[in-house]
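Take a look at the structure set out below.
The values are calculated or read from the model by the stated rules, or taken from the named source; none is laboratory data. Values in this document were obtained by computation on a predicted structure and should not be read as measured data. As a convention, Cβ positions derive from the backbone with ideal geometry for all residues, glycine included, and neighbour counts pool all protein chains shown.
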Amino acid sequence: MRGGKENDYSDEYIDDKVSKWNNIICIIKDNSIKEVYFTRKTFANIKNIKNKILDIEKYCNENNINFSYLNTPARYENNEKSKNWRKAFWKK
């Protein structure tokens with residue numbers, strides 16, 4: 001299929017094509033997870049993914065579980081991102 005979407009894995013493309021979601025809230029609950037981090041900053045054009053993340057955030061807030069957005073250093077690393085990652089994962 002030349003020019004098709006078979007290799008399009010972008011969030012914007014797949015957002016409305018997901019037919020089954022993992023129940024992340026059950027995973028959090030069943031494993032006594034104390035902290036949840038998302039490495040995504042924006043949710044433009046991905047309403048279904050955004051709604052799932054907001055559900056997880058709400059559950060965490062209601063159950064005293066730390067929920068944070070943590071910018072990924074994947075595209076570029078800078079001092080602020082490094083500082084935030086150290087603060088999140090290297091607690092004393």
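A few remarks follow.
Every residue, every condition in (1) at pLDDT 80 or above; (2) under 13 Å from the mean Cα position of the chain (by Cα); (3) outside any loop (DSSP other than H, G, I, E, B), yes or no:
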position	(1), (2), (3)
7	no, no, no
21	yes, no, no
27	yes, no, yes
37	yes, yes, yes
50	yes, yes, yes
75	no, no, no
84	no, no, yes
88	no, no, yes
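- Whichever residue in the stretch 36-57 is without any contact (Cβ under 8 Å) to a residue 40 or more places away in the chain and touching a strand residue (DSSP E or B) at 6+ places or on another chain (Cβ under 9 Å) and, among such residues, is surrounded by the fewest Cβ atoms within 10 Å (Cβ to Cβ): 41
- Matching residues in the stretch 58-73 - criterion: being loosely packed, with under 11 Cβ neighbours inside 10 Å and not in a loop (DSSP other than H, G, I, E, B): 62
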